[in-house]
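Student: Have a look at this one.
The values are calculated or read from the model by the stated rules, or taken from the named source; none is laboratory data. Quantities reported herein were computed from a predicted structural model and do not represent experimental measurements. Here the Cβ is made from the backbone with ideal geometry for all residues, glycine too, and neighbour counts use every protein chain on show. These accessible areas exclude ligands, DNA and RNA; they are computed on the full protein's heavy atoms, side chains included. Shrake-Rupley method; radii C 1.70, N 1.55, O 1.52, S 1.80 Å.
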Amino acid sequence: MSASTTIKNPGLLKLDLTIRGMKISRDALATPEISRTLRLSQEIGAALELDIVLPENVMVNIPIRECLAEDRPYTLTEKDGRFFIIGGDAKTEVWVAPLAGFYEKKTSTGVSMAKIGRTYAGYLAISPTPVCEFIFQELACRYCDLEAKKGRAWSVEEVVETVEAAVAEGVAEYICLNVGYTDSPDGGIALLEPYIKAIKHRFDLLVCVQAQPPTSDEWIDATYAMGIDSIAYNLEAYDPDVFEGIAPGKMRLIGRDRYFEALKYAAKIFPSGAVVSNLIVGLESIASTLKGIDMLAALGVIPTLPVYRLATDSEETMGRVEAMAPVFLHLQNALKRNKLSPTWISHFNLALNAIDGHYFGGEAPLGQRWQKVLKSKHGGRIAHSISNVRRRLRVRPADDEVG
Ligand code: SF4
């Protein structure tokens, strides 16, 4: 399928942009949206991403450094303040989110807030501590940003200041906290507790957590009791060999079976649709991903489907794009079959590159209800209407959360 065909279907375009990438024209590189992102990315020595809103409010995020290569099938261009993506002889207008303003701020301790938190389509991702037993034992996940794990832990106050700045700007309506693995019964979640309590106490925000399964189910009860709204234990791949290859620490120190047990138990404790697990599309065979989707959905778990980025333009990668497309339709059908609503996690998916199955022949979009990426009157804000999500999860006022 050529780029000029793909460009007409926002779901397919998102998939293709994620896998094969795009380059940026000289005009677009000079715009404040792009030049500030590139400059800050270089200043803080970290890979910042561009949030791009495609037609029908489909959002894709692309690491800006990947856009500097030439061999890409798409080009982002700019003309008279409007952005377009060109593929072959077709083009489509898109919106490029400006760099979040809080990225250029510092905490009271002098740390760049861009190092602490990253915002994606309305959620703020923070990894407060670099501690991870997998890294100590040289069993790090293959996708781990090991450079980022060389620093110190952020203090609770540094994290709260960053959240405050992002919330004040209107670019964070919920928080995703990530933590590595510790060789203790809680598996690492206890490290996050002070941060979770402080955020819940100070802000009326949903908090989701990505962690490793604890050794006992009591710690899953404790996780829910901390006030977390959604939990992810990420499997990454269904195939055991691929799982071990991509996440050797998860396989050897925790075990694949424990992931399934913990996910199943969590799905009974947390509200429906609030327990999730990643399966990275493109890491393993499509047949294996489909099996993983069925297995997770049957346990009451929402599979989230980030796409394995190749960022190369070749016939082989183009073939992979076409092969991957049915996976998203399969997910939509599996959720329906198991009566699982992706309402909560769909916000999260905006940044994880999951794509609504209707773009590949499924039913009419659930999406238009929730994929509202709004451009504020100030022009720099991405906001989501998540009042329905709040009602659904019955988030209590922050004062009730902490005794
Ligand atoms: S769990 Fe994996 S990705 Fe997370 S910190 Fe540990 S090694 Fe890195």
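Student: Just for the stretch 36-67: of the residues that are of a type in the set (Asp, Glu) and within 25 Å of Gly151 (Cβ to Cβ), which one is least open to solvent (accessible area, probe 1.4 Å)?
Tutor: Asp51
Student: Determine whether the stretch 109-125 contains at least one residue that is closer than 30 Å to Asp241 by Cβ and either open to solvent by 50 Å² or more (accessible area, probe 1.4 Å) or assigned by TED's automatic domain parsing to the domain that holds Arg309 (or both).
Tutor: Looking through the stretch 109-125, at least one residue is closer than 30 Å to Asp241 by Cβ and either open to solvent by 50 Å² or more (accessible area, probe 1.4 Å) or assigned by TED's automatic domain parsing to the domain that holds Arg309 (or both).
Student: Still on this structure: Please go through the stretch 277-300 and give me each residue that is touching a strand residue (DSSP E or B) at 6+ places or on another chain (Cβ under 8 Å) and either among the hydroxyl-bearing types (Ser, Thr, Tyr) or outside the structural domain of Arg258 (by TED's automatic domain parsing) (or both), ordered by number.
Tutor: If the condition is that a residue be touching a strand residue (DSSP E or B) at 6+ places or on another chain (Cβ under 8 Å) and either among the hydroxyl-bearing types (Ser, Thr, Tyr) or outside the structural domain of Arg258 (by TED's automatic domain parsing) (or both), then Ser277, Thr289 are the ones that fit.
Student: Would you please list the contacts, defined by Cβ atoms under 6 Å and residues six or more apart or on different chains, that run from a residue in the stretch 123-143 that is more than 11 Å from Leu191 (Cα to Cα) and in contact (Cβ under 8 Å) with a residue 12 or more places away in the chain to a residue that is more than 8 Å from the ligand (Cβ to nearest atom) and in a loop (DSSP other than H, G, I, E, B)?
Tutor: Leu124/Ala172; Glu133/Thr182; Glu133/Asp183
Student: I've got another one for you. As an exercise: evaluate Pro303 against (1) in a helix (DSSP H, G or I); (2) free of Cβ contacts under 8 Å to residues at least 40 places away in the same chain; (3) buried (at least 22 other Cβ atoms within 10 Å of the Cβ) and give the number of the one condition it does not meet.
Tutor: All conditions pass for Pro303, except number (1).
Student: Which count do you get for residues in the stretch 224-244 that are within 14 Å of Ala274 (Cβ to Cβ), within 16 Å of the ligand (Cβ to nearest atom) and without any contact (Cβ under 8 Å) to a residue 60 or more places away in the chain?
Tutor: Qualifying residue count for the region: 2.
Student: Being part of a strand (DSSP E or B) and among the hydrophobic types (A, V, I, L, M, F, W, C) is the filter here, so list the residues in the stretch 15-54 that pass it.
Tutor: Once the filter is applied, which keeps residues that are part of a strand (DSSP E or B) and among the hydrophobic types (A, V, I, L, M, F, W, C), the stretch 15-54 yields Met22, Ile24, Leu50, Ile52, Val53, Leu54.
Student: All but one of (1) free of Cβ contacts under 8 Å to residues at least 40 places away in the same chain; (2) of a type outside the set (Phe, Trp, Tyr); (3) more than 18 Å from Tyr120 (Cα to Cα) hold for Val207; state the number of the condition that does not hold.
Tutor: Of (1) free of Cβ contacts under 8 Å to residues at least 40 places away in the same chain; (2) of a type outside the set (Phe, Trp, Tyr); (3) more than 18 Å from Tyr120 (Cα to Cα), only one is false for Val207: (3).
Student: State whether one or more residues within the stretch 216-224 are under 21 Å from Leu124 (Cβ atoms) and either touching a helix residue (DSSP H, G or I) at 6+ places or on another chain (Cβ under 9 Å) or assigned by TED's automatic domain parsing to the domain that holds Val131 (or both).
Tutor: Scanning the stretch 216-224, I find at least one residue that is under 21 Å from Leu124 (Cβ atoms) and either touching a helix residue (DSSP H, G or I) at 6+ places or on another chain (Cβ under 9 Å) or assigned by TED's automatic domain parsing to the domain that holds Val131 (or both), so the answer is yes.
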